Amino acid sequence: MRVPVDWLGEYVTLPEGVTGEQIAADLVAVGLEEEGLHTSGVGGPLVVGRVLEMSPEEQRNGKTINWCQVDVGDANGTGEPQGIVCGAHNFTVGDLVAVILPGGTLPTPQGPLTISARKTYGHVSAGMICSVRELGIGEDHDGILVLPRLLPAEVVARLAPGDDLITVLGLDRETVEVNVTPDRGYCFSLRGIAREYSHATGAAYTDPASLAVDAGDGEGYAVRLADESPVEGVPGCDRYLARVVRGIDLTRTTPEWMARRLTEAGMRPLGLAVDVTNYVMLALGQPLHAFDLATLTGPVVVRRARPGERLTTLDDVDRALDPEDLLITDGGERVLALAGVMGGEDGEVTPGVTTDVLIESAHFDARSVGRTSRRHKLSSEAARRFERGVDPGVTAAAAQLAVDLLVEHGGGTADPAVTDVDQRPERSTIDLDLTMATRYVGVNYDLARVREILELIGCELTDGESARLVTVRPPSWRPDLTDAPGLVEEVARIDGYDKIPSVVPRAVGGRGLTHGQRARRAVATALAGQGLQEVLTYPFVGAARFDELGLDDADPHRHAVRLANPLSDEAPLMRTALLQTLPEALRRNVSRGTRDVALFEIDSVTRPEGEVMAPVPGVGEQPDDEVLAQIRSAVPAQPWHVAIMAAGQADRAGWWGRGRPVDVVDVVGWAHAVADALGVEVRRRQGARAPFHPGRCVELTLPDGTRVGWAGELHPKVVQRLGLPLRTSAAELDLDVLVTASDHRTQASPLSTHPLATSDVALEVPRGVRFSAVEESLRAGAGALLESLELFDVYAGDQVAQDRHSLAFRMHFRAPDRTLTTQEVNEARDAAVGRAAQEHGAVQR
Amino acid sequence: MPSAPDAGGSPQHPDEVPSPTAAPELSQEGVDGHVEAALAAIGGAGDLDELKEARLAHAGDRSPLALANRAIGALPGPEKAAAGKLVGQARGRVNQALARRQQELEAERDERILVEEAMDLTVAPGRRPLGRRHVLTVTAERMADAMVALGWEVAEGPQVEAEWFNFDALNFDKDHPARQMQDTFFVDPAKAGLVLRTHTSPVQARSLLDRGVPLYVAVPGKTFRTDELDATHTPVFHQLEGLAIDEGLTMAHLKGTLDRLAEAMFGPGTVSRLRPAYFPFTEPSAEMDFRCFVCRGEATAPPCRTCGGTGWIEWGGCGMVNHNVLRACGVDPERYQGFAFGMGVERTAMFRHGIADMRELIEGDVRFNAQFGMEI
Ligand SMILES: [Zn+2]
């Protein structure tokens, strides 16, 4: 809402010399946040100049400039004529013009421009003769502002060269822009803002709505409220007031002061009838509509739309109406307007044609207007106000003000009759314990102070059974006040939030972070410690990404939550795996010159199952258990995952030596590091699965077989399709599985301090046998004395049959209670080898 | 004394071993001569290899003194003792000289190796790329930890959320403009009743329903609005929510909590300020600012760039929890009351670390991460 300061000053007494900045600061204290401060941007010296001489000089580029001598009085400090070059020609010697002298500033789209004397066209031009456009007070003129053409003669008569023009031209005017919260419809008016300013500062407030309202004499224009299907039980219109003004000349121009206020408030002057209704709306917050009386054939009937009805609104859109739309109709048939939202072409006033006008001042239901506005994606100044609540008590005053202005500036006469169909329900009251303010806010309010504030904002208080109990009837312009905390808010707000003390509450005492929260932190820290970078990517993907990743048609990862209004039609789905969105981050790093990138992300992914609808019961009531259960179960599963994607060098080359590219072994190792950070044992199973290389992919499971995730090198085709570096490797693990598996207290085993015995074996095995299978056999065969074993070499070549290779294992033996003898070690080793031979045809070399 | 690894070993090159002298002279002069020769050779040895040769020649099995020693046995009895003493002392002197020289040469060698092995380490190595947490997750953790320190717990909730939890439970009427102003991502089809949560506030309702009262929870998490990405907006962002419901909680407790959190994030002495505002799920409602930690509200010329000269920085919204929220979650508003607040993690991180462009927080450029430590 834009608030021209001088307009505000008409309704509330502003301190002498108050600035827009100070007004904005005062309004913030009562909840109207500053959005901006609008000024002319023109800074003096800007003075009256009389053109003494002008000599046209043709330039080589064909342009003719005027070398002018301008009398600016003593404003230039010398009293000598000021030499100024001017390119315009719409003025002549003797004219009074606006001259900005060096040191003055003009607004430009690029910011303020400070004027200085400069050499141009062979002269030193000491200032500028200004145009309307340069001063920002109009768009229509390209030429120089010749003062008598803009200002009234009596003003011009008082002007002499050198006189300051900033005030005369209104360039010192300021407009404060504030943000109005959606509960404060009444602050979309100068009336509301002025009242709030008065609350903030104590300044004297004059309600612009308290004007003499014609009582009405005789039958007014017929109006019928015929809402047969109220929305949520509330009639669409509970008050409709109509006034008629006849014999107006709508071709007359809007008075300058009104046009200026409208412009400053952000609305374009569009002609007398529209300007008057807009002016009243801005002043009092009541949207009005003016109909051409001559075009109406029957009573005004307010009803809901019928199936199949259409209306072309003033924005030239032909709209199919919905049975829930509330309409203003001519005689119940011809549709004139979407009530409180926008009019149609029929019934519209036309300057030069219309002479008799019917003014509609009505109160429409906020919910009904809001739905119509949203349904038709049609926002208007009127709808914005009705949706947020218009004062149903201001209806008559608003119509009166409009009638008065039309009569004064359009020259008509008002019909004595007034139509006022008033079906407003009784405003409900609120029972309030006055001590609640103190109990709720934590400031020790005197009960008298609480009463005073409530009355200040317009509430009527009726005493209850005790001194602290009252019944409160809120003012008509505050439909948002519906309960006791709302009244407490008013007390706190008007008394000042700055009076609220700071007290740290004593919480009941918590149990710290949950295991899952700590575990996720541990995983992130472990991966960062391994040299990986945490990133947070957007979770939006398109089905094309599933194709790029090579997911087959039946892959459950294709089943994703779809957004109805995605930011991009290319990415309307919620990712079902983190690996779906990591490629962008990897590519961005590579394209910006970081080639060695190992990324990880921890977040939840969305894994919907079937289509379950979540009921949406309304506000203020606890749904029953069954409905709550339905709501909860409709929310798709969103397990926490961790994903890794890496490319480039694991060890970089440099002055310290050679480098080594990152590969699938690194990634599998990092996946293990995740499990290890949580103390969870994972097993590996060779697997083939998109998006991984079919021969370089491992499935990680818990010992009980529960899947943890996958790690591997990305399929070369995937790498190619996604534009990733060659051999990019990746992993994705279900953190929830790991977190659950790790949620136990690990019990320590005692360490043996007896010496370690080591024995190496080389086993020839057929190539198809998995390393892990051989390892398992050795482990099983060696028995309890085996502490650990590792595969330290794999050999294939001349020394081994073509379909076999040789695996070199190092086995470490230790007993808890004694030093092992060579014989014991050899026996255990032989048993291990025997088992491998039996199970896999392994032959010791 | 450390023994040299190459001392006393068997000769590698027998050809170079000097041949034994013809006959041992067990006279004082003769022995002294051998000793002189030995000492000269030992003293002249320039490195451990030369010393090894000298050892072989003058103290080895076939050195003159060894031969002399062996010859003692052939002497007549009375001469044996004197000769034994003479030769023994001579060998003692030689061995002592050998040991001393061995020590000297080893020290020289050790010194030389250290010099030879010297590396210039003044250029930073970069063998392993270093890892980092993301500034947003670490910031959110720091904020949550500050709340845990006050005795609160940390709760979480789903990103794809039921519309009821995101709006209705929080007193956002389906026709209220505030609900439209949330710029919500809706899940298709609309009748699914699901949205991407527009704030972390639905976890208020979930926590009240799941945990009951009294309740003190902080909720960090990812949230969504249909804003296009630019320097100050992102469609995917993070909030930290706080909710306290107990008997007797007031706005003063809200302010006290915010002051503590502001101090934890922006340094000692940082206070908060409340300004009247409107949110459907709180009443009274407030916008909260924190005291600019750069200018501390003192006027400066030119105006402080961090706060734009206002002395305050907007942080988020808060207020006393609306009775309708409590009722929707089965809490008796006549007995329990409390407050809620929420602020942007991005905004907090941007002010803490002087980050000017939101995009740097979301692009995943590892150079951005690299500016920060693991604990920020
Ligand atoms: Zn500052």
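The values are calculated or read from the model by the stated rules, or taken from the named source; none is laboratory data. Since the model is a prediction, treat every value here as computed from it, not as a measurement. Neighbour counts run over all protein chains shown; Cβ positions are idealised from the backbone, glycine included.
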**Study point:** Residues within region A:635-654 that are more than 8 Å from every other protein chain (Cβ to nearest Cβ), touching a strand residue (DSSP E or B) at 6+ places or on another chain (Cβ under 7 Å) and either among the charged types (D, E, K, R) or surrounded by fewer than 16 Cβ atoms within 10 Å (Cβ to Cβ) (or both), tallied
**Key:** 2
**Study point:** Flag if B:R197 is touching a helix residue (DSSP H, G or I) at 6+ places or on another chain (Cβ under 6 Å), under 25 Å from B:A349 (Cα atoms) and of a type outside the set (S, T, N, Q)
**Key:** yes
**Study point:** Complete set of residues in region A:594-634 that are loosely packed, with under 15 Cβ neighbours inside 10 Å and within 9 Å of chain B (Cβ to nearest Cβ)
**Key:** A:E611, A:M613, A:E621
Review point. Taking the stated definitions as given, is A:V761 modelled with pLDDT of 95 or more, under 43 Å from the mean Cα position of the chain (by Cα) and β-branched (V, I, T)?
Key: no
Check your understanding: facing chain B (nearest Cβ under 10 Å) and charged (D, E, K, R): does that describe A:R449?
Key -> no
Study note, to complete from the structure: Going through region A:502-519 in order, the residues found to be more than 7 Å from chain B (Cβ to nearest Cβ) and touching a residue at least 12 places away in the same chain (Cβ under 8 Å) are A:H515, A:G516, A:A519
Review point. So which helices (runs of 4 or more DSSP H) are wholly in region A:142-220 and hold at least 2 residues that are of a type in the set (S, T, N, Q) and within 41 Å of the chain's Cα centre (by Cα)?
Key: A:190-201
Review point. For region A:340-363, what are the residues that are under 32 Å from the mean Cα position of the chain (by Cα) and closer than 20 Å to A:G220 by Cα?
Key: A:H363
**Study point:** Scan of region A:797-811 for residues that are touching a strand residue (DSSP E or B) at 6+ places or on another chain (Cβ under 9 Å) and surrounded by fewer than 16 Cβ atoms within 10 Å (Cβ to Cβ), ordered by number
**Key:** A:G797, A:Q799, A:A801, A:D803, A:A808, A:R810
Exercise for review: Considering only region A:562-592, state which residues are at the interface with another protein chain (Cβ under 10 Å from one of its Cβ atoms), outside any strand (DSSP E or B), out of contact with any Lys or Arg (no Cβ under 9 Å at 6 or more places or on another chain) and crowded, with 19+ Cβ neighbours inside 10 Å.
Suggested key: A:P566, A:L582, A:A585, A:L586
Review point. Going by the structure shown, is A:P636 closer than 19 Å to B:D210 by Cβ and at pLDDT below 95?
Key: no
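Filter region B:133-155 down to the residues that are in a loop (DSSP other than H, G, I, E, B) and more than 8 Å from chain A (Cβ to nearest Cβ) and list them by number. Reasoning before the result, please.
Within region B:133-155, the first condition is being in a loop (DSSP other than H, G, I, E, B), and the residues that meet it are B:133-134, B:150-152, B:155.
Of everything in region B:133-155, just one residue is in a loop (DSSP other than H, G, I, E, B) and more than 8 Å from chain A (Cβ to nearest Cβ), namely B:A155.
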Review point. Restricting the first residue to region B:269-294 and requiring it to be over 19 Å from A:L481 (Cα atoms), which pairs with a second residue that is among the polar types (S, T, N, Q) and within 16 Å of the ligand (Cβ to nearest atom) meet a Cβ separation below 7 Å and a spacing of at least six or different chains?
Key: B:M288/B:S272; B:D289/B:S272; B:F290/B:T270; B:F290/B:S272; B:R291/B:T270; B:C292/B:T306; B:F293/B:T270; B:V294/B:T306
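On the basis of being closer than 25 Å to A:R562 by Cβ and touching a residue at least 24 places away in the same chain (Cβ under 8 Å), does A:P639 make the cut? Let's see the steps before the verdict.
On the way: closer than 25 Å to A:R562 by Cβ: yes; touching a residue at least 24 places away in the same chain (Cβ under 8 Å): yes.
Criteria met by A:P639.
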Study note, to complete from the structure: Every listed condition ((1) touching a residue at least 60 places away in the same chain (Cβ under 8 Å); (2) surrounded by fewer than 22 Cβ atoms within 10 Å (Cβ to Cβ); (3) farther than 30 Å from A:E621 by Cα; (4) more than 16 Å from the ligand (Cβ to nearest atom)) holds for B:L261 save (2)
Review point. Exactly one of (1) touching a Phe, Trp or Tyr at 6+ places or on another chain (Cβ under 8 Å); (2) exposed (fewer than 13 other Cβ atoms within 10 Å of the Cβ) is unmet by B:L121. Its number?
Key: (1)
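So that you can scan it fast, the table gives a plain yes or no per residue for (1) at pLDDT 95 or above; (2) farther than 28 Å from B:D259 by Cβ; (3) assigned to a loop (DSSP other than H, G, I, E, B):
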position	(1), (2), (3)
B:A118	no, yes, yes
B:G157	yes, no, yes
B:H199	yes, no, yes
B:T223	yes, no, no
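Taking the criterion of being under 39 Å from the mean Cα position of the chain (by Cα), in a loop (DSSP other than H, G, I, E, B) and not β-branched (V, I, T), would at least one residue in region A:120-138 satisfy it?
Pass one, region A:120-138, residues under 39 Å from the mean Cα position of the chain (by Cα): A:132-138.
Next, only the ones that are in a loop (DSSP other than H, G, I, E, B) stay: A:136-138.
Going one step further and asking which of them are not β-branched (V, I, T), we end up with A:136, A:138.
Looking for residues that are under 39 Å from the mean Cα position of the chain (by Cα), in a loop (DSSP other than H, G, I, E, B) and not β-branched (V, I, T), one finds at least one in region A:120-138, hence yes.
Grab the strands (runs of 3 or more DSSP E) fully contained in region B:264-375, keeping just those with 1 or more residues being farther than 30 Å from A:E584 by Cβ, within 16 Å of the ligand (Cβ to nearest atom) and more than 12 Å from chain A (Cβ to nearest Cβ). Spell out the reasoning first.
Details: elements: B:272-279, B:282-291, B:312-321, B:337-344.
Answer list for region B:264-375: B:282-291, B:312-321.
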Review point. So which residues in region A:371-414 are modelled with pLDDT of 95 or more and of a type in the set (D, E), if there are any at all?
Key: A:E381, A:D391, A:D404, A:E408
Check your understanding: Somewhere in region A:488-501, is a residue within 13 Å of chain B (Cβ to nearest Cβ), over 31 Å from the mean Cα position of the chain (by Cα) and surrounded by 22 or more Cβ atoms within 10 Å (Cβ to Cβ)?
Key -> no
Practice item. May I ask you to list the residues in region A:792-813 that are in a loop (DSSP other than H, G, I, E, B) and either among the small types (G, A, S) or farther than 15 Å from A:R767 by Cβ (or both)? Key: A:A796, A:G797, A:D798, A:A801
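Those residues that are acidic (D, E) and in contact with a Ser or Thr (Cβ under 9 Å, 6 or more places away or on another chain), I need them from region A:634-678; list them, please.
Just the residues of region A:634-678 that are acidic (D, E), to begin with: A:651, A:663, A:666, A:676.
Across region A:634-678, the qualifying residues are A:D663, A:D666.
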Revision key, fill the gap. Residue set B:L130, B:L170; condition among the aliphatic types (A, V, I, L, M), touching a residue at least 60 places away in the same chain (Cβ under 8 Å), crowded, with 18+ Cβ neighbours inside 10 Å and facing another protein chain (nearest Cβ under 9 Å); output residue B:L170
Check your understanding: Could you say which residue among B:L243, B:L261 is more than 8 Å from every other protein chain (Cβ to nearest Cβ), hydrophobic (A, V, I, L, M, F, W, C) and within 20 Å of B:Q337 (Cα to Cα)?
Key -> B:L243
